[in-house]
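Notes for the one structure printed next.
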């Protein structure tokens, strides 16, 4: 049974979504130990869902006519049914996260870098994190165990046990 963490259900769910989003984007976050333990199971379920479905893609060859009347064929890669379902379920478990412009990056370079990316955390999860953990599962024969928790000691002020949770 999940811990209540002194919050209502909606507050707790929002806090888990926020921390899971930040953990997947940055790779590590600092929080209290009890929140980290709750976050571990939440994030591992999200990653497992992505690992099991990230390869499901469909390639289509579409033939169209250009301005001069020539037939041009394009290969379009779409998500398969399994990946699309997983993507939507994961989007319901994470907050929308906007990419920020780098310090000395021009507007044009920023637009080019973020072109076509509406949900950068989801893209990072399916393109970087899931393949890495799938390869790890095949090499070590180990599925799960995607996160690690380090205990830091007591926080000054309220003496809460602090911890760092990170992706392995």
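The values are calculated or read from the model by the stated rules, or taken from the named source; none is laboratory data. Here the structure is a predicted model, which is why all the values come from computation and not from measurement. Glycine also receives a Cβ, built like all others from the backbone with ideal geometry; neighbour counts cover every protein chain displayed.
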Item to check | Elements of type strands (runs of 3 or more DSSP E) contained in the range 2-120, each with 1 or more residues being touching a strand residue (DSSP E or B) at 6+ places or on another chain (Cβ under 7 Å) and within 21 Å of residue 167 (Cβ to Cβ) | outcome: 28-32
Next on the checklist: I need every pair where a residue in the range 142-156 that is without any contact (Cβ under 8 Å) to a residue 12 or more places away in the chain has its Cβ under 9 Å from the Cβ of a residue that is assigned to a loop (DSSP other than H, G, I, E, B) and surrounded by 13 or more Cβ atoms within 10 Å (Cβ to Cβ), sequence separation at least 6 or different chains.
Outcome noted: 154/160
Checklist entry - Can you tell which of 82, 124 is closer than 16 Å to residue 23 by Cβ, modelled with pLDDT of 90 or more, surrounded by 11 or more Cβ atoms within 10 Å (Cβ to Cβ) and in contact with a helix residue (DSSP H, G or I) (Cβ under 9 Å, 6 or more places away or on another chain)? => result 124
Checklist entry - Restricting to the range 128-139, what's the tally of residues that are surrounded by 12 or more Cβ atoms within 10 Å (Cβ to Cβ) and either farther than 12 Å from residue 47 by Cα or modelled with pLDDT under 90 (or both)? => result 2
Checklist outcome for this item: Filtering the range 145-159 down to residues that are surrounded by fewer than 14 Cβ atoms within 10 Å (Cβ to Cβ) and either on the phi > 0 side of the Ramachandran plot or touching a helix residue (DSSP H, G or I) at 6+ places or on another chain (Cβ under 7 Å) (or both) yields 145, 151, 153, 157, 159
Item to check | Lone unmet requirement of (1) part of a helix (DSSP H, G or I); (2) surrounded by 10 or more Cβ atoms within 10 Å (Cβ to Cβ) for residue 142 | outcome: (1)
Checklist entry - more than 18 Å from residue 78 (Cα to Cα), touching a residue at least 24 places away in the same chain (Cβ under 8 Å) and either within 13 Å of the chain's Cα centre (by Cα) or part of a strand (DSSP E or B) (or both), is that true of residue 133? => result yes
